[in-house]
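Please read the structure below before turning to the comments.
The values are calculated or read from the model by the stated rules, or taken from the named source; none is laboratory data. What you see is a predicted model, and the numbers here were worked out from it, not measured in a lab. FYI the Cβ positions are ideal-geometry reconstructions off the backbone, even for glycines, and counts take in every protein chain you see.
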Amino acid sequence: MAMSKALLASLVLSLLLLNLVEVFAADQMATGRSLKGIDCGAACKVRCSLSSRPNLCKRACGTCCARCSCVPSGTSGNHDECACYAAQTTHGGKKKCP
């Protein structure tokens, strides 16, 4: 009986810890900051400032920034600064990140 209570208690604690980690990750995504501290929102705003489709650019940039924790400098090019960012592709094989 004591063993089952201990097992139940550890299961509840594990689920609570998992929930806290999930809340922390959701908070990080909501604020636009990754675990490494880059402000994806601000970086993508600069990156997409000259785009003809800024909303689309910011959405794609934000996804790439969240995955890679970096955004190349400037408004285009400079993919050599962030290899992960440059390696992201769409299902069609085109570059995903602006």
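Which residue pairs have Cβ atoms closer than 7 Å, lie 6 or more positions apart in sequence or on different chains, and pair a first residue in the range 61-88 that is in contact (Cβ under 8 Å) with a residue 24 or more places away in the chain and assigned by TED's automatic domain parsing to the domain that holds V46 with a second residue that is of a type in the set (V, I, T) and outside any helix (DSSP H, G or I)?
If the second residue must be of a type in the set (V, I, T) and outside any helix (DSSP H, G or I), the pairs left are C61/V71; C65/I38; C65/V71; S69/I38; C70/I38.
Taking the range 16-61 as the region of interest, how many residues are among the aliphatic types (A, V, I, L, M) and either surrounded by fewer than 10 Cβ atoms within 10 Å (Cβ to Cβ) or at pLDDT below 75 (or both)?
First, pick out the residues of the range 16-61 that are among the aliphatic types (A, V, I, L, M): 16-18, 20-21, 23, 25-26, 29-30, 35, 38, 42-43, 46, 50, 56, 60.
From what is left, the residues that are either surrounded by fewer than 10 Cβ atoms within 10 Å (Cβ to Cβ) or at pLDDT below 75 (or both) are 16-18, 20-21, 23, 25-26, 29-30, 35.
Residues in the range 16-61 being among the aliphatic types (A, V, I, L, M) and either surrounded by fewer than 10 Cβ atoms within 10 Å (Cβ to Cβ) or at pLDDT below 75 (or both): 11 in total.
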